[in-house]
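First up is the structure itself, then whatever we jot down about it.
We did not get these values from a lab; they are worked out from the coordinates using the rules stated. Owing to the predicted nature of the structure, the values given are computational and were not obtained by experimental measurement. Backbone-built Cβ (ideal geometry, glycine too); neighbour counts: all protein chains shown.
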Amino acid sequence: MIPSVPWRLRVDGPLMGFENMEADEALLEAQKAPAAVPVLRFFRWKSKTLTFGRLQDHHAAANQTMILGCRAMARRPTGGGTVVHEKDLSFSLSWREGHPSFPRRLKEVYRAIHGTVRSALAGLGVETSFFAGPTGRGGMCFESPAVDDLMWNGKKVLGGAMRVTGFGRLYEGNLLWAEMGLDDAAVLKAAGAAFERELFMSPPQTREIAY
């Protein structure tokens, strides 16, 4: 059994796209400290925003931003495709390399994180499934599910991307709660409780809540 570990919960109010991405980047950088603990961060967006993966082309993303009617754009510190943020709950996890709460094999990390969210949704009466493949190809993230993304009624409702460094890991994910007819606040509460119960096995060391 994985032992209970100290961790932090952070819930931010709506921010600009670049502010959200800078916050996640800072949380990853903070994992350089030997005493750093994992941080689970939930966040939202001030306006309709397009984010794109760290290896994607900036000019192509700018064109999509205009075409899709987004008011802002930001490059994510993680990989993955293009995501439009409007009615979604975004969250990130940052942790030190080798932390016992997370699988050692990177391909198992997604399933562990997405499985925790799946449990939270089941508690709200919504049954989802893991996407088994084959993985699609395309720039729009939610049009191209990858293995272990969460599916509901044939539609991808949770996807994520990671950044791997020599000292730590950063996961960023987006959950389409409105697609499933759920309440934003209820999903956040259920997801936070599921991570506390199933991943960290203990209450958070600190709670930083801003709405």
Open item on the list: If R₀ is 25 angstrom, what is the calculated FRET efficiency for the pair D184 and E127, using the beta carbon separation as r and rounding to 0.05?
Closed with: 0.80
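Tell me which GluC sites (Glu not before Pro) from the stretch 91-169 have a DSSP coil assignment and no more than 11 other beta carbons within 10 Å of their own.
E127
Taking only pairs that are 8 or more places apart or on different chains, how many Lys pairs in the stretch 8-209 have Cα atoms under 17 angstrom apart?
The result is 5.
With n ≥ 4 as the cut-off for DSSP H runs, can you work out [θ] at 222 nm for the chain, using -39500 (n - 2.57) per run divided by the number of residues, rounded to the nearest 500?
On the way: 4 runs with 53 residues, N = 211.
Roughly -8000 deg cm²/dmol at 222 nm, from the helical runs in the chain.
By how many nm would the segment from V147 to D57 grow when fully extended, if each residue of separation counts as 0.36 nm and the alpha-carbon distance is taken off?
On the way: separation 90, 0.36 × 90 = 32.40 nm, distance 2.40 nm.
Answer, rounded to one decimal: 30.0 nm.
So what's the stretch 169-211 giving for Rg/Rh, alpha carbon basis, Kirkwood Rh from the mean inverse pair distance?
Numbers: Rg = 12.1 Å, Rh = 12.1 Å.
On the Cα set of the stretch 169-211, Rg over Rh gives 1.00.
For the ranges 191-197, 151-157, what's the packing order if you count other beta-carbon atoms within 10 Å of each residue, average per peptide, and put the highest first? Write out the running numbers ahead of the final one.
Numbers: 191-197: 18.9, 151-157: 15.3.
The densest-packed peptide leads the list: 191-197, 151-157.
From Cα pairs below 8 angstrom and at least 6 apart in sequence, can you work out the relative contact order of the stretch 158-211, rounded to a whole percent? It would help to have the intermediate numbers written out before the result.
Values: 31 pairs, mean separation 10.2, N = 54.
19 percent.
Once you keep just the Cα pairs under 8 angstrom separated by 6 or more residues, what percentage relative contact order results for the chain?
Numbers: 436 pairs, mean separation 57.8, N = 211.
Reported relative contact order: 27 percent.
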Task: Computed lengthening from E108 to K32, 0.36 nm per intervening residue step minus Cα-Cα distance - done: 25.1 nm
Task: Given charges at beta-carbon only (K, R positive; D, E negative), |dipole| of the chain in Debye - done: 300 debye
Open item on the list: Could you list R71, R44, R76 so that the one with the fewest beta carbons within 10 Å of its beta carbon is first and the one with the most is last?
Closed with: R71, R44, R76
Open item on the list: Here are labelled values, (1) 11.1; (2) 12.3; (3) 16.6, and one is the computed mean projected area of the Cα convex hull in nm² for what I pasted. Which one?
Closed with: (1)
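What is the dipole size for the stretch 29-132, taken about its Cα centre, with +1 at each Lys and Arg Cβ and -1 at each Asp and Glu Cβ, in debye to the nearest 20? Don't skip to the end; give the middle numbers.
Numbers: 16 positive and 7 negative charges, 34 e Å.
Using only the charged Cβ atoms, the result is roughly 160 debye.
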Task: the stretch 13-137, relative contact order in percent, only Cα pairs under 8 angstrom and at least six apart counted - done: 27 percent
